[in-house]
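Structure record follows, encoded as structure tokens.
The values are calculated or read from the model by the stated rules, or taken from the named source; none is laboratory data. Quick caveat: nothing in here was measured; it's all calculated off a predicted structure. Using ideal geometry, Cβ is built from the backbone for each residue, glycine included, and neighbour counts are taken over all protein chains shown.
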Amino acid sequence: MSIFGNGVISGWTVEQEETFGISISEGSANVNFMATSTTFPESIQDIPPGTVNYVYARALARTAYAGDVDFFLSPSPNLADPSVLLLAEVVTDSLSVSSIDNSVRQQIGFIELIQAAIQMHKHRGGSFYPSKVDLSSEVKGQLPSFRIADFDAEKVTTGTFDLARMPLLDHQELQNIGLLTHPQLDSFVKTLEVSNKELFGEIGTSNLLQLVLALKFIYDDPESVNYLENSLVDENFINEFTVIPGITPDSSIDFDNTTAVVDLDQHFIAGVPPVTGTSFYINWDTALAWNSSFSMENLVVVGNTVTLAFNEDEETNIVTIEGFESATAPGQDLSGGSGGQTLFTKQTLILTDNAQIVADSGATNVIEGFYSGKFKSQQSFRLQYAKEFNELQDWSTYDSLVLHIKCIDAIHGPVSLYLEGETVDDRSIDFVILDQNEITENSESNDFEIRTIDLSTIPFRDKIKKLVIYTDDLDNPFDFLVDFINIQRAVLLPDEGTLKLRYSSGTRVTFATVEWNAVEPSGTEITVRSKAADGTVFLNRADYTPLLSNGQTINLDGTDLELEIKFFPDSAKVSAPILNSVRVLVITQAELDGFAIDTQSEFARGIAKNITVDSTPSVELDTPIYVDSYVFALANSVAQIHENTSGSVPFTETEISLSGLGSPISPNTVFRTIENGVLSINTPSFFEPRSVIRKEGRRFVVADTYNDRVLEYDEDETLVAGFGSISYEHGSKLFPIAASVDTRTSILYLVWSRKISFKTVNINKIVMQDTTQTVQLIKDFDKILGLTTAELNEVDAEGQIMPVHLSIQNAALVQSLDSDGSYILVSTDAITTGLDIDSVFYEAISTALGIPLFIGPFAYIDGVFSPTWADRTDNDTYMVANAKVAVKEWEFPEGVFAGRDTEVIERNTNASNIIEVDENNQIIFGSDVVEFSPFVPGRAERIDDNTLLIAGLKPGGQIGELQEDRKFDFRTIGGDSETTRNQKLVLNDLFFNSSNPFVGAVLVFDTRSRATSFEYLTAEGVLASDVDIDPRTGLYVVAESSFNRSGRIIKLDATGNIVFSFGEGIYSIISSLRTTVTGSMIIST
């Protein structure tokens, strides 16, 4: 290898930028033996989904003198071209960029040699390794955090602390920050020119100015012995005028308008010293803040955003289908007769036809021979009038078919209407528009009554071919009149919406700048203007500023501020802008800074934990206040309990109990129901959660293990956040099995029993509804993957989880559905291959309205499988440990498939063993450095920004063979003593009865370098089921589990030496371990 040569020197790190895009940071490298560099990040977009690509830098002809390169993608990891340099591997799935591996890059030669040497060099002591390092005298540079936990900072004399170890401080929290913001300072610096070093430094000019002042004091000062009445100094100088207060005549100084200090006695002019002050931001970015606005017109709050709302009082768009105005004279035939027009075609249909001659051989029915002829005359007919369109009609953006009907005849049969589509199967139900013997009455419209048909119930409303009006009553003579048949669209937006925000500081301040974050689709607009006054009552008299640009400086002084924000839709009134946030920079100019927070809405802008704000307003601690409580998961529930010792006999009291209510019915719950021989399910529940962690704010993070999901609840069992996966696939049948609308993102997740191609789904044939209202999905308004139909056809997107980005309008409408009784109905022809609704699993979950639809903060994602540990980090991400070892497969009793084919559910997942999920439900980190099992749950805890503390199974172990008649048919250990003993024997075989048995592992793992800085492996026959850190000593506290009472608790020092052991012969499986601030331990078995 060449010591120098080609490779990356620094930077050029590849990171995800958008859904299918990446960015390459600035950096430098040697490419084709030329020094190259880039000073700004660059990006590559539109990476094809479902591919593996490699990022390269290419040196071009200009590189020799310009020093820059081009970045490109290639499917090959080994391009032979000497002018290219490999940087990273990028893998995409059907939804986004799934992983980026920067470790494949070609580093500069000497850097690779040095890194390899460092990684091989370990000071462990003994005969095979160099002696241990004295940290206090022999170390310079960087050390991992666990090495310096108790290290005296005074001994650090050189080196650099990692930037991640320095806390991030907001500029506004610093002292002496001045009154100007960073943008204002930047603007000022740009106005500065390069200073002239000779300015005021030229000796002649400087001496001349001093001479002028001296002459002024000698000849112009009345107190001088050389005073002259006429100023010779100013009179004899050209383009010069010297001002000395007290000497220069007062008439030459504008005392009224000057803001400076003019001292006539001491003869000087001085500026006014600035007052001290500070600055802060007022923010509006939550639903509570928007709902606390001064006024809101034609707007709706969706999640934490504001957009235009549909106004039901607005006139709707109306398109006339038939108004009969083409008639030219009364009595003209409009049904195709001679000399008339054909607005409708008259048709007579035979409904039943029993008119025929049949042979009859009855003894009393024959005169001669053996047979006679029996003549039958039973027939029934229908009279219908059909309006057939020359071209297919697309009514998908309209809500209602409306007609006006009149009948004054008292005796008649019913009159009905139906619609037909493109194919023979496209036929709506029959809508009765006139009941039997009904007489219409309406004094305001000539006795015409309105009939309205909900078009959202017509799955083929985008391809209407025919409208038919009919009656089966051909006996009673009667007439009915129909007029003004039309379709109406009530999904239009208002002309504009207005939001007014007010803020009162209680003291005079400067409102400096206004900034906002908004999404403005093509043709839409948001405008902002402001005004300020000294008092709320004077705001109405103040004048607005002109329309503001985003971030514009306004510098309005006063105690109160009002912002007027107007929303304008596009010309078609179907697309609206979305306002995400507004903030105002406030500058105070006072020796003592401060502002009053004394209203409920002002308190609501803060981040509250364990407090309640009432309308008084007052701030109180949430009650009851829990002390000495225990939180645990048992069977299918989570509980918080404490021992009540207030009486003479202590007893256990349950404070909080969670069972999984208020969450979606997961696909695995459906499978479990059928596995238990039950054929229906309508209530969600936990499924053997293995971990629960209580967080600040009385929230609980639950690893709902066999439901393949992570949930965060508050103490009232209200779901705060959640995400989960479907990890199994039906062997042959396709049907929807779960659905949720994530209210945080307005994304509908539709979960299928099998992987499908998303482009085969007709979004128009999906309806969200409850018992009283429906929300119809509309093509190219509600978008699969956020793509239009044309865009979707250009990508090869498939999967079992289909995200549909709802339109702003439908996102608002769906939140009005009954949260406890909402459903999604997918038509059988919504997908080109059709649906298999005869599956026992679909029948178990479906109703006449469809399958249950969860509306709340929950997202379906790929990558979660049997999680045994989950925790929310300080960065508001979730660390999850996925268990893939010893997970029981589904087995269904034959009785549930009686009279039909047996159905099979198979595992279908490639989830990483450890994942990190951000607040946008995106997996941002994954690793397989350790494995997990539901029977030895383990842990994967983030102990700082870049370090994980992990307990689990060392990768590479093999599932063992079961002895004798043992069977692995359980998901948790439980039952009587004999059952439990047999279950442990089965687990002992699975984990240890193979040529390569499993071994437990405890690691300290760096997520940036993906390097292990500490490793401890268990002895044969025991596994690491949990780990924690003793807060007093910094020792690792490890739970070792076995299936034959060989479990124990041990403590390890930083080198892996066991310094404490407890519990041999007492414990078998230790499910969980927690250390307290006092060093004591809470053990769950």
Residue check for Tyr706: farther than 30 Å from Ile578 by Cβ and either of a type in the set (D, E, K, R) or touching a residue at least 60 places away in the same chain (Cβ under 8 Å) (or both): yes
Which numbered condition trips up Trp752, out of (1) over 25 Å from Ser663 (Cβ atoms); (2) modelled with pLDDT of 95 or more? (1)
Test of understanding: among Leu556, Leu547, Leu539, which residue is more than 38 Å from the chain's Cα centre (by Cα) and either surrounded by fewer than 13 Cβ atoms within 10 Å (Cβ to Cβ) or hydrophobic (A, V, I, L, M, F, W, C) (or both)? Leu539
Just give me the residues in the range 983-1009 being within 14 Å of Val885 (Cα to Cα) and among the hydrophobic types (A, V, I, L, M, F, W, C), in sequence order. Val986, Leu987, Leu990, Phe991, Phe992, Phe998, Val999
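So that you can scan it fast, the table gives a plain yes or no per residue for (1) outside any strand (DSSP E or B); (2) in contact (Cβ under 8 Å) with a residue 24 or more places away in the chain; (3) surrounded by fewer than 19 Cβ atoms within 10 Å (Cβ to Cβ):
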{"residue": "Leu787", "(1), (2), (3)": "yes, no, yes"}
{"residue": "Gln800", "(1), (2), (3)": "no, yes, no"}
{"residue": "Ala811", "(1), (2), (3)": "yes, yes, no"}
{"residue": "Leu835", "(1), (2), (3)": "yes, yes, no"}
Would you confirm whether any residue within the range 606-615 is free of Cβ contacts under 8 Å to residues at least 60 places away in the same chain, surrounded by 12 or more Cβ atoms within 10 Å (Cβ to Cβ) and among the acidic types (Asp, Glu)? no
Check Ser1061, Ser1041, Ser1071 and return the single one that is crowded, with 16+ Cβ neighbours inside 10 Å and either touching a Cys at 6+ places or on another chain (Cβ under 7 Å) or over 22 Å from Ser629 (Cα atoms) (or both). Ser1041
So which residues in the range 375-400 are surrounded by fewer than 13 Cβ atoms within 10 Å (Cβ to Cβ) and either touching a helix residue (DSSP H, G or I) at 6+ places or on another chain (Cβ under 8 Å) or of a type in the set (D, E, K, R) (or both)? Lys376, Glu388, Glu391
Meets criteria (of a type in the set (Val, Ile, Thr), touching a strand residue (DSSP E or B) at 6+ places or on another chain (Cβ under 6 Å) and crowded, with 24+ Cβ neighbours inside 10 Å) for Val761: no
Among the residues of the range 1053-1085, how many are within 17 Å of Gly938 (Cα to Cα) and of a type outside the set (Ser, Thr, Tyr)? 7
Screening Gly895, Gly899 for residues that are outside the structural domain of Ser1071 (by TED's automatic domain parsing), at positive phi and of a type outside the set (Val, Ile, Thr) leaves only Gly899
Given the criteria surrounded by fewer than 19 Cβ atoms within 10 Å (Cβ to Cβ), at positive phi and of a type outside the set (Asp, Glu), does Gly956 qualify? yes
Please give the strands (runs of 3 or more DSSP E) falling wholly within the range 681-742 in which 1 or more residues are farther than 18 Å from Thr669 by Cα and among the charged types (D, E, K, R). 691-695, 699-704, 709-714, 736-742
Going through the range 439-466 one residue at a time, which ones are out of contact with any strand residue (DSSP E or B) (no Cβ under 9 Å at 6 or more places or on another chain) and either surrounded by 15 or more Cβ atoms within 10 Å (Cβ to Cβ) or not small (Gly, Ala, Ser) (or both)? Ile439, Glu444
Determine if the range 493-513 includes at least one residue that is more than 36 Å from the chain's Cα centre (by Cα), closer than 30 Å to Val424 by Cα and in contact (Cβ under 8 Å) with a residue 40 or more places away in the chain. no
Restricting the search to the range 52-80, which residues are in contact with a Pro (Cβ under 7 Å, 6 or more places away or on another chain) and either part of a loop (DSSP other than H, G, I, E, B) or of a type in the set (S, T, N, Q) (or both)? Asn53
